[in-house]
Amino acid sequence: DSPEPRPAPGGVRDAAGRAAIPEAHLRVDRWWLAPAATALGLLAFVVYSTWRAFANADYYDAPYVSPFYSPCLADNCEPMKGGPNWEIFGGWWGLSPALIILIFPLGFRLTCYYYRKAYYRGFWASPPACAVAEPHKKYTGETRFPLILQNLHRYFFYAALLVAVILSYDTLLAFRNADYEWGHMGLGTLVFLANIALIWAYTLSCHSCRHIIGGRLRHFSKHPVRYRMWGWVGKLNERHMLLAWASLISVGLADFYVYLLATGAFDDPRFF
Ligand code: FES
């Protein structure tokens, strides 16, 4: 049984059990700013990534491959020399090869605890903000289909780990030049390094990761290594929102950088 709700001032409640006050809410700050900015930011990324994922072009310029298109799992992608090319989808796949890959990072971000909060507020106003009642009549949380599928987050986390390993390998390949010789660096190498650092930081700051490392233990004292790792991951976890945005922007920028090179907008400045 849930406890009796605390009486509203004056003791009057509406049908939903909320204080029966004439105002929709009592917030006087610009509470709508955060959800509106969040919705705009997410929308911008969705539009950009949809365009790039379906483009099926301009995603490779030696030695860089766009993170949207790696690994290559279909026959129809431009092969990257030495890159992760596993054509397990064969020749029947006629759409953009990015669509096979992006399902994993997309699922990871879509089911992420932070992004859930962000898009529930930004797009569904559920709730719009703290202490602002939502417009919907019914609330079932994440207990029914399709939102119950949010529980798949842990499995998407495992897939995201794999994606991060592959993107790390791509970053290693960025230490080659256009002739695939090792020991070189360009501006793109730095772009890739910044991106992979943020991808790893975001992935490891995941709440599921924190639970996998430090959860379900009876005594931390008996698991000193896991306890220490849990502390590290916890520090990242405190910045999960920041890392979610930073890595979203960095992955978009890394892709855009490759796009600019591939379309000949400019040449990659080489350091050595
Ligand atoms: Fe955000 Fe897992 S909670 S990535």
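Read the figures in this text as sums done on the coordinates, not as results from a lab. Here the structure is a predicted model, which means the values were calculated and not measured. When we count neighbours, we look across all protein chains shown, and the Cβ atoms used for this are built from the backbone with ideal geometry, even at glycine.
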query = In whole percent, what relative contact order does the chain give with Cα contacts below 8 Å and a gap of six or more residues?
reply = 21
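Ranked highest first by average number of other Cβ atoms within 10 Å, how do 130-137, 46-53 line up? If you can, show how the numbers build up before the last one.
Values: 130-137: 11.6, 46-53: 14.6.
Ranking the peptides 130-137, 46-53 by packing returns 46-53, 130-137.
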Under 12 Å, Cβ to Cβ, from M229 - net charge with Lys/Arg +1 and Asp/Glu -1 = +4
request  = Taking every Cα atom in segment 76-219, find the radius of gyration and the maximum pairwise distance Dmax, and write them in Å.
outcome  = 19.8, 62
query = So what are the ³J(HN,Hα) numbers for segment 181-186, from phi and the Karplus equation (6.51, -1.76, 1.60; θ = phi - 60°), rounded to whole Hz, Gly and Pro as x?
reply = 8, 7, x, 10, 9, x
query = Relative to the longest principal axis of the chain, what angle (0 to 90°, nearest 10) does the C-alpha long axis of helix 240-262 take?
reply = 30
query = Can you give the extra length, in nm with one decimal, that the chain gains between W32 and K137 once fully stretched, where that is 0.36 nm per residue apart less the Cα-Cα distance?
reply = 35.8 nm
task = Under 4.7 Å Cβ to Cβ, no partner at all: give me those cysteines from the chain, in residue order.
result = C112, C130
query = By average Cβ neighbour count within 10 Å, what is the ranking of 54-66, 256-268 from highest down?
reply = 54-66, 256-268
inquiry  = Per residue of segment 199-208, what does 6.51 cos²θ - 1.76 cosθ + 1.60 with θ = phi - 60° give for ³J(HN,Hα)? Whole Hz please, x for Gly and Pro, Karplus curve as stated.
reply    = 4, 5, 4, 5, 4, 6, 7, 4, 4, 5
remark   = Share of Cα-Cα pairs in the chain beyond 28 Å, whole percent, is 49
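Once the piece of chain linking T263 and I88 is laid out straight, how much longer is it, given 0.36 nm per residue of separation minus the C-alpha distance between them? Kindly include the intermediate steps, with their values, before the conclusion.
Numbers: separation 175, 0.36 × 175 = 63.00 nm, distance 2.81 nm.
The T263-I88 span can extend by a further 60.2 nm.
How high is the relative contact order of segment 30-108, in percent, counting Cα pairs under 8 Å that sit 6 or more residues apart?
On the way: 77 pairs, mean separation 22.3, N = 79.
Answer for segment 30-108 is 28 percent.
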request  = Name the long-range amide H neighbours of G186: under 5 Å, sequence gap of 5 or more, or other chain; modelled H, no Pro or chain starts.
outcome  = F271
request  = Return the long-range amide H neighbours of Y59 (sequence gap of 5 or more, or a different chain), with a cut-off of under 5 Å between placed amide H atoms.
outcome  = none
task = Whole number please: convex hull volume per residue, Cα atoms of segment 148-242, in Å³.
result = 128
remark   = Going residue by residue through segment 63-74, the Karplus relation 6.51 cos²θ - 1.76 cosθ + 1.60 with θ = phi - 60° gives ³J(HN,Hα) values, rounded to whole Hz and with x marking Gly or Pro, of x, 9, 10, 4, x, 6, 10, 10, x, 8, 10, 10
task = Could you check the simple spin-label distance between R13 and M229, using points 7 Å along Cα→Cβ, in nm with one decimal?
result = 4.6
remark   = Under 5 Å from the placed amide H of C112, counting only residues 5+ away or on other chains, we find none
task = Please find, in a Gaussian network model of the chain (springs between Cα atoms separated by less than 10 Å), the residue of R239, R154, R228 whose mean-square fluctuation is greatest.
result = R228
